[in-house]
Amino acid sequence: MIKDITLGQYFPGNSAIHRLDPRTKLLGMIAYIVIVFLVTKTPVFILPALFAAICIYLARVPFGYVIRSLKPIRFLLVFMFIVNLFMVRTGKTVIAFWIISITDEAIKQSVYITLRLVLLLVGKSLMTLTTTPIALTDGLERLLMPLTKIHIPAHELAMMMTIALRFIPLLIDETEKIMNAQKARGAMLDNGKFMDRIKALVPVLIPLFISAFRRADELAMAMECRCYHGGEGRTKLSELHYQKRDYLAYLSGAALLAVMIVLRQLGL
(Lines give C-alpha, C1' and ligand atoms only; values in the text may rest on other atoms or scores of the structure.)
Protein backbone atom coordinates (compact mmCIF):
# COMPACT_ATOMS: atom_id res chain seq x y z
CA MET A 1 0.00 0.00 0.00
CA ILE A 2 2.86 2.36 0.77
CA LYS A 3 4.21 2.01 -2.77
CA ASP A 4 0.81 3.08 -4.12
CA ILE A 5 1.11 6.59 -2.65
CA THR A 6 1.88 8.87 -5.60
CA LEU A 7 1.60 12.25 -3.84
CA GLY A 8 4.79 14.22 -4.39
CA GLN A 9 6.20 11.81 -6.98
CA TYR A 10 7.24 13.01 -10.43
CA PHE A 11 6.84 11.00 -13.64
CA PRO A 12 9.51 12.20 -16.12
CA GLY A 13 8.26 13.09 -19.58
CA ASN A 14 8.17 15.69 -22.34
CA SER A 15 4.47 15.73 -23.11
CA ALA A 16 2.27 18.77 -23.68
CA ILE A 17 1.10 18.60 -20.06
CA HIS A 18 4.66 18.34 -18.74
CA ARG A 19 5.67 21.45 -20.70
CA LEU A 20 2.83 23.61 -19.38
CA ASP A 21 3.75 26.50 -17.12
CA PRO A 22 3.37 25.47 -13.44
CA ARG A 23 1.12 28.48 -12.89
CA THR A 24 -1.20 27.11 -15.57
CA LYS A 25 -1.36 23.76 -13.80
CA LEU A 26 -1.98 25.30 -10.37
CA LEU A 27 -4.74 27.59 -11.61
CA GLY A 28 -6.12 24.76 -13.72
CA MET A 29 -6.27 22.55 -10.65
CA ILE A 30 -8.23 25.22 -8.79
CA ALA A 31 -10.64 25.52 -11.72
CA TYR A 32 -10.92 21.72 -11.87
CA ILE A 33 -11.90 21.62 -8.18
CA VAL A 34 -14.61 24.21 -8.82
CA ILE A 35 -15.83 22.23 -11.84
CA VAL A 36 -16.08 19.01 -9.84
CA PHE A 37 -18.09 20.70 -7.08
CA LEU A 38 -20.45 22.31 -9.61
CA VAL A 39 -21.77 18.89 -10.61
CA THR A 40 -25.25 18.20 -9.23
CA LYS A 41 -26.30 15.23 -11.38
CA THR A 42 -24.50 11.91 -11.61
CA PRO A 43 -24.41 11.76 -15.46
CA VAL A 44 -22.71 15.17 -15.58
CA PHE A 45 -19.67 13.67 -13.86
CA ILE A 46 -18.82 12.34 -17.32
CA LEU A 47 -17.58 15.80 -18.36
CA PRO A 48 -14.87 16.32 -15.69
CA ALA A 49 -13.99 12.62 -15.90
CA LEU A 50 -13.55 12.89 -19.67
CA PHE A 51 -11.48 16.04 -19.25
CA ALA A 52 -9.21 14.27 -16.73
CA ALA A 53 -8.88 11.26 -19.06
CA ILE A 54 -7.84 13.51 -21.96
CA CYS A 55 -5.24 15.22 -19.78
CA ILE A 56 -3.85 11.83 -18.69
CA TYR A 57 -3.63 10.78 -22.33
CA LEU A 58 -1.87 14.00 -23.33
CA ALA A 59 0.53 13.65 -20.38
CA ARG A 60 1.58 10.17 -21.58
CA VAL A 61 1.32 8.93 -18.00
CA PRO A 62 0.16 5.30 -17.63
CA PHE A 63 -3.47 5.31 -16.55
CA GLY A 64 -2.77 2.60 -13.98
CA TYR A 65 -0.07 4.78 -12.43
CA VAL A 66 -2.64 7.51 -11.79
CA ILE A 67 -5.22 5.08 -10.44
CA ARG A 68 -2.63 3.87 -7.92
CA SER A 69 -3.28 7.04 -5.94
CA LEU A 70 -6.76 5.70 -5.10
CA LYS A 71 -5.57 2.41 -3.58
CA PRO A 72 -4.32 3.81 -0.24
CA ILE A 73 -7.70 5.43 0.46
CA ARG A 74 -10.02 2.79 -0.97
CA PHE A 75 -11.17 1.84 2.52
CA LEU A 76 -11.84 5.53 3.30
CA LEU A 77 -13.92 5.84 0.13
CA VAL A 78 -15.97 2.79 1.07
CA PHE A 79 -16.36 4.04 4.64
CA MET A 80 -17.55 7.50 3.53
CA PHE A 81 -19.94 5.93 1.03
CA ILE A 82 -21.52 3.77 3.75
CA VAL A 83 -21.67 6.59 6.32
CA ASN A 84 -23.43 8.94 3.92
CA LEU A 85 -26.06 6.29 3.26
CA PHE A 86 -27.28 6.78 6.82
CA MET A 87 -26.67 10.53 7.15
CA VAL A 88 -29.36 11.66 4.70
CA ARG A 89 -32.96 11.02 5.74
CA THR A 90 -34.81 12.91 3.01
CA GLY A 91 -36.18 11.31 -0.12
CA LYS A 92 -38.01 8.09 -0.92
CA THR A 93 -37.13 5.03 1.12
CA VAL A 94 -35.44 2.40 -1.01
CA ILE A 95 -34.25 -0.09 1.61
CA ALA A 96 -35.89 -0.59 5.00
CA PHE A 97 -34.69 -3.28 7.37
CA TRP A 98 -35.21 -3.23 11.15
CA ILE A 99 -33.92 0.23 12.20
CA ILE A 100 -32.00 0.71 8.95
CA SER A 101 -33.54 3.02 6.38
CA ILE A 102 -31.82 4.10 3.17
CA THR A 103 -33.35 6.67 0.84
CA ASP A 104 -32.70 7.44 -2.81
CA GLU A 105 -31.31 10.85 -1.84
CA ALA A 106 -28.84 9.17 0.50
CA ILE A 107 -27.61 6.94 -2.32
CA LYS A 108 -27.22 9.95 -4.63
CA GLN A 109 -25.31 11.87 -1.96
CA SER A 110 -22.98 8.93 -1.35
CA VAL A 111 -22.29 8.56 -5.07
CA TYR A 112 -21.67 12.32 -5.42
CA ILE A 113 -19.14 12.47 -2.59
CA THR A 114 -17.31 9.33 -3.71
CA LEU A 115 -17.05 10.44 -7.34
CA ARG A 116 -15.89 13.91 -6.31
CA LEU A 117 -13.11 12.51 -4.15
CA VAL A 118 -12.01 10.13 -6.89
CA LEU A 119 -11.87 12.89 -9.52
CA LEU A 120 -10.07 15.29 -7.19
CA LEU A 121 -7.44 12.69 -6.31
CA VAL A 122 -6.90 11.85 -9.98
CA GLY A 123 -6.45 15.55 -10.80
CA LYS A 124 -4.07 16.04 -7.88
CA SER A 125 -1.98 13.04 -8.89
CA LEU A 126 -1.77 14.21 -12.51
CA MET A 127 -0.54 17.65 -11.45
CA THR A 128 2.22 16.33 -9.17
CA LEU A 129 3.22 13.56 -11.60
CA THR A 130 3.79 16.05 -14.42
CA THR A 131 5.38 18.89 -12.42
CA THR A 132 8.72 18.87 -10.64
CA PRO A 133 8.87 20.21 -7.06
CA ILE A 134 11.11 23.07 -8.21
CA ALA A 135 8.61 24.09 -10.87
CA LEU A 136 5.79 23.93 -8.33
CA THR A 137 7.78 26.19 -6.01
CA ASP A 138 8.38 28.76 -8.77
CA GLY A 139 4.78 28.69 -9.95
CA LEU A 140 3.32 28.93 -6.46
CA GLU A 141 5.68 31.76 -5.57
CA ARG A 142 4.70 33.75 -8.65
CA LEU A 143 1.01 33.26 -7.91
CA LEU A 144 1.46 34.35 -4.28
CA MET A 145 3.66 37.31 -5.19
CA PRO A 146 0.81 39.90 -4.94
CA LEU A 147 0.48 38.94 -1.25
CA THR A 148 3.90 40.43 -0.55
CA LYS A 149 2.27 43.86 -0.74
CA ILE A 150 0.51 43.05 2.54
CA HIS A 151 3.75 41.64 4.04
CA ILE A 152 2.97 37.96 3.48
CA PRO A 153 6.19 36.03 2.64
CA ALA A 154 5.24 34.39 -0.64
CA HIS A 155 8.64 32.81 -1.25
CA GLU A 156 8.86 31.27 2.20
CA LEU A 157 5.31 29.89 2.01
CA ALA A 158 5.97 28.34 -1.39
CA MET A 159 9.28 26.89 -0.18
CA MET A 160 7.70 25.29 2.90
CA MET A 161 4.83 23.75 0.93
CA THR A 162 7.17 22.36 -1.70
CA ILE A 163 9.62 20.94 0.84
CA ALA A 164 6.73 19.21 2.60
CA LEU A 165 5.55 17.81 -0.74
CA ARG A 166 9.06 16.71 -1.68
CA PHE A 167 9.56 14.91 1.63
CA ILE A 168 6.55 12.64 1.10
CA PRO A 169 8.19 10.21 -1.39
CA LEU A 170 11.39 10.26 0.68
CA LEU A 171 9.50 9.31 3.83
CA ILE A 172 7.60 6.63 1.89
CA ASP A 173 10.87 5.05 0.77
CA GLU A 174 12.25 5.30 4.31
CA THR A 175 9.12 3.67 5.74
CA GLU A 176 9.41 0.82 3.24
CA LYS A 177 13.04 0.21 4.21
CA ILE A 178 12.28 0.26 7.94
CA MET A 179 9.34 -2.12 7.54
CA ASN A 180 11.44 -4.56 5.51
CA ALA A 181 14.18 -4.39 8.15
CA GLN A 182 11.68 -5.07 10.95
CA LYS A 183 10.14 -7.97 9.01
CA ALA A 184 13.62 -9.44 8.54
CA ARG A 185 13.96 -9.35 12.34
CA GLY A 186 10.72 -11.30 12.73
CA ALA A 187 8.22 -8.48 13.26
CA MET A 188 4.65 -9.42 12.29
CA LEU A 189 3.43 -6.20 10.69
CA ASP A 190 0.84 -7.66 8.34
CA ASN A 191 -0.66 -10.40 10.50
CA GLY A 192 -2.64 -10.61 13.72
CA LYS A 193 -5.53 -8.63 15.11
CA PHE A 194 -6.07 -4.94 14.40
CA MET A 195 -4.69 -3.76 17.75
CA ASP A 196 -1.71 -6.10 17.44
CA ARG A 197 -0.89 -4.62 14.05
CA ILE A 198 -1.16 -1.10 15.47
CA LYS A 199 1.24 -1.97 18.29
CA ALA A 200 3.62 -3.57 15.80
CA LEU A 201 3.94 -0.20 14.03
CA VAL A 202 5.68 1.39 17.04
CA PRO A 203 9.12 -0.04 16.02
CA VAL A 204 8.50 1.52 12.58
CA LEU A 205 7.29 4.95 13.67
CA ILE A 206 10.11 5.69 16.12
CA PRO A 207 13.00 5.27 13.63
CA LEU A 208 10.87 7.00 10.99
CA PHE A 209 10.50 10.11 13.17
CA ILE A 210 14.20 10.04 13.97
CA SER A 211 15.03 9.80 10.27
CA ALA A 212 12.64 12.65 9.43
CA PHE A 213 14.21 14.96 12.03
CA ARG A 214 17.67 14.00 10.80
CA ARG A 215 16.75 14.82 7.21
CA ALA A 216 15.22 18.14 8.29
CA ASP A 217 18.40 19.03 10.20
CA GLU A 218 20.59 18.11 7.22
CA LEU A 219 18.40 20.19 4.90
CA ALA A 220 18.57 23.20 7.22
CA MET A 221 22.36 22.89 7.47
CA ALA A 222 22.68 22.59 3.67
CA MET A 223 20.56 25.72 3.16
CA GLU A 224 22.64 27.65 5.68
CA CYS A 225 25.89 26.54 4.03
CA ARG A 226 24.56 27.91 0.74
CA CYS A 227 23.78 31.24 2.44
CA TYR A 228 20.03 30.90 2.00
CA HIS A 229 18.25 33.80 3.71
CA GLY A 230 14.84 33.81 2.09
CA GLY A 231 13.62 35.08 -1.25
CA GLU A 232 14.80 38.68 -0.98
CA GLY A 233 17.28 39.50 -3.74
CA ARG A 234 17.23 36.00 -5.22
CA THR A 235 17.22 35.48 -8.97
CA LYS A 236 15.92 32.58 -11.07
CA LEU A 237 17.95 30.37 -13.36
CA SER A 238 14.86 29.86 -15.55
CA GLU A 239 12.21 32.55 -15.64
CA LEU A 240 8.60 31.50 -16.16
CA HIS A 241 7.01 32.64 -19.40
CA TYR A 242 3.60 31.79 -20.80
CA GLN A 243 3.57 29.99 -24.16
CA LYS A 244 0.84 29.40 -26.71
CA ARG A 245 0.02 26.02 -25.15
CA ASP A 246 -0.67 27.73 -21.80
CA TYR A 247 -3.24 30.05 -23.35
CA LEU A 248 -4.87 27.06 -25.08
CA ALA A 249 -5.01 25.27 -21.72
CA TYR A 250 -6.62 28.32 -20.09
CA LEU A 251 -9.13 28.54 -22.94
CA SER A 252 -10.13 24.87 -22.68
CA GLY A 253 -10.44 25.06 -18.89
CA ALA A 254 -12.52 28.25 -19.10
CA ALA A 255 -14.78 26.65 -21.72
CA LEU A 256 -15.42 23.61 -19.52
CA LEU A 257 -16.04 25.84 -16.49
CA ALA A 258 -18.54 27.91 -18.49
CA VAL A 259 -20.36 24.76 -19.62
CA MET A 260 -20.56 23.49 -16.04
CA ILE A 261 -21.94 26.83 -14.82
CA VAL A 262 -24.61 26.81 -17.54
CA LEU A 263 -25.56 23.22 -16.69
CA ARG A 264 -25.75 24.18 -13.02
CA GLN A 265 -28.05 27.11 -13.80
CA LEU A 266 -30.27 24.84 -15.89
CA GLY A 267 -30.51 22.40 -13.00
CA LEU A 268 -28.70 19.61 -14.83
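The values are calculated or read from the model by the stated rules, or taken from the named source; none is laboratory data. Note that the structure is predicted; figures quoted are calculated from it, not measured. As a convention, Cβ positions derive from the backbone with ideal geometry for all residues, glycine included, and neighbour counts pool all protein chains shown. Each accessible area value is taken on the protein alone, full model and side chains, heavy atoms only, with ligands, DNA and RNA left out. Shrake-Rupley method; radii C 1.70, N 1.55, O 1.52, S 1.80 Å.
Yes/no per residue for (1) modelled with pLDDT of 75 or more; (2) open to solvent by less than 60 Å² (accessible area, probe 1.4 Å); (3) on the phi > 0 side of the Ramachandran plot; (4) in a strand (DSSP E or B):
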position: 77; (1), (2), (3), (4): yes, yes, no, no
position: 81; (1), (2), (3), (4): yes, no, no, no
position: 96; (1), (2), (3), (4): no, no, no, yes
position: 101; (1), (2), (3), (4): no, yes, no, yes
position: 114; (1), (2), (3), (4): yes, yes, no, no
position: 117; (1), (2), (3), (4): yes, yes, no, no
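May I ask you to say which residue of 57, 10, 65 is at pLDDT below 80, more than 15 Å from residue 118 (Cβ to Cβ), part of a helix (DSSP H, G or I) and not aliphatic (A, V, I, L, M)? Break it down into steps so the answer makes sense when it comes.
Values: 57 fails: at pLDDT below 80; 10 fails: part of a helix (DSSP H, G or I).
Among 57, 10, 65, only 65 is at pLDDT below 80, more than 15 Å from residue 118 (Cβ to Cβ), part of a helix (DSSP H, G or I) and not aliphatic (A, V, I, L, M).
What number of residues within the stretch 125-173 are modelled with pLDDT of 80 or more, surrounded by fewer than 18 Cβ atoms within 10 Å (Cβ to Cβ) and touching a Lys or Arg at 6+ places or on another chain (Cβ under 8 Å)?
1
Counting residues that are in contact (Cβ under 8 Å) with a residue 12 or more places away in the chain and under 23 Å from residue 73 (Cα atoms), which helices (runs of 4 or more DSSP H) fully inside the stretch 125-225 reach at least 2? Before you say what the answer is, go through the steps one by one.
Values: elements: 133-144, 154-184, 194-200, 202-225.
So the answer is 154-184, 202-225.
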